[in-house]
Amino acid sequence: MKSKLLITVLIIASLPIRGLPADVLRVVTTTTDLAEMVSAVGGDMVEVKSLSKGIQDPHLVEPRPSMVMQVRRADMLVRIGMDQDLWAQSLIDAARNSKVIYGGEGYLDASRRIAKLQVPTGRVDMRMGDIHIFGNPHYWLDPSNARLILEDIAGKLSELIPSETDHFRRNCDEYAAKIDSAIAEWQRMIQPFAGAKIVTYHNSWIYFAERFNLDIVGYIEIKPGIPPTPSHIADLVDKMKSETVKVIMIEPYYNIRIAETLADRSGARVLALPSSIGGVKEVNTYLELFDYLIIKLSETLSD
Ligand SMILES: [Zn+2]
């Protein structure tokens, strides 16, 4: 008994102060979806924290001192990029951690290899809205983009822990294969509603709509980040009636009252949908996110 106790004491004494084995990487991500992907690829070689919650507007997360500490201690940071998580820049600047600044060994912008949609051509000015100036940043809502993100995460983790390269590669392939087979099923489920006309609050569903063959005909916001005026709503009601729009998609953090008014006037139905893991209590994984979206949309469109 005595020797067992001694061994236990020795093990506890040899643990680093913060309670993590020395070779476990601390990773922070700007969204919950990226956190799950890092966790899926890194397994027990990583400890991951998302700086935002799925119920928050991913454009507007209020930086807090505890978040600066997380970034300061991080070995790696993964962000959506394209200025979607501009709020994270103030955290990175305040944390003064050279590993996770732009170009640092642990810095990963997950948008790097994504085929970006709606990239503005020509001169960009404020009339276009003050967000989405590098194109539409909501690319994680096309689950086909997950493979590119997972591969980049595996690549970055392998640079940081080269001895685990095969392990990360295997985890990445397994997870990406799971998503691929789920995509086929989701496409089969939504196929009867191909071409369905939709209105969304914010311009956040374009990647999703392209993947699942939906037709977004208008937005409640005038431009990304710019709230509607009465005349914009009046025009949208006319358009929705003439094009027989059945569904208004809105994330829980936007103004649902405006969507409900629009629904009353147009005859469409409001569908409040999460855009990330944790956006509603039923959605705890990236696969569950799309299960939820596809089931809710199919139910509403079939009514
Ligand atoms: Zn946006």
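The values are calculated or read from the model by the stated rules, or taken from the named source; none is laboratory data. Keep in mind it's a predicted model, so treat the numbers as computed, not measured. No Cβ is skipped: glycine too gets one built from the backbone with ideal geometry, and neighbour counts run over all protein chains shown.
Below are the figures for this structure:
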quantity: Single condition residue 228 does not satisfy, out of (1) over 16 Å from residue 261 (Cα atoms); (2) crowded, with 18+ Cβ neighbours inside 10 Å; (3) over 21 Å from the mean Cα position of the chain (by Cα); calculated: (1)
quantity: From 263, 209, 268, 259, residue being within 16 Å of the ligand (Cβ to nearest atom), at pLDDT 95 or above, of a type outside the set (Phe, Trp, Tyr) and surrounded by 15 or more Cβ atoms within 10 Å (Cβ to Cβ); calculated: 209
quantity: Tally of residues being hydrophobic (A, V, I, L, M, F, W, C) and crowded, with 18+ Cβ neighbours inside 10 Å across segment 88-117; calculated: 8
quantity: Selection within segment 270-286 - in contact with a Lys or Arg (Cβ under 7 Å, 6 or more places away or on another chain) and more than 24 Å from residue 244 (Cα to Cα); calculated: 278
quantity: Residue within segment 79-100 that is in contact with a Pro (Cβ under 9 Å, 6 or more places away or on another chain), in a helix (DSSP H, G or I) and within 16 Å of the ligand (Cβ to nearest atom) present; calculated: yes
quantity: Residue within segment 59-74 that is under 30 Å from residue 170 (Cα atoms), in contact with a helix residue (DSSP H, G or I) (Cβ under 7 Å, 6 or more places away or on another chain) and touching a residue at least 60 places away in the same chain (Cβ under 8 Å) present; calculated: no
quantity: Checking residue 244 against (1) in contact (Cβ under 8 Å) with a residue 40 or more places away in the chain; (2) part of a helix (DSSP H, G or I); (3) loosely packed, with under 15 Cβ neighbours inside 10 Å, the condition it does not meet; calculated: (2)
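Let's see how each residue does on (1) in a strand (DSSP E or B); (2) buried (at least 16 other Cβ atoms within 10 Å of the Cβ); (3) over 19 Å from the mean Cα position of the chain (by Cα):
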{"residue": "39", "(1), (2), (3)": "no, yes, no"}
{"residue": "44", "(1), (2), (3)": "no, no, yes"}
{"residue": "53", "(1), (2), (3)": "no, no, no"}
{"residue": "56", "(1), (2), (3)": "no, yes, no"}
{"residue": "59", "(1), (2), (3)": "no, yes, no"}
{"residue": "62", "(1), (2), (3)": "no, no, no"}
{"residue": "67", "(1), (2), (3)": "no, yes, no"}
{"residue": "71", "(1), (2), (3)": "no, yes, no"}
{"residue": "77", "(1), (2), (3)": "yes, yes, no"}
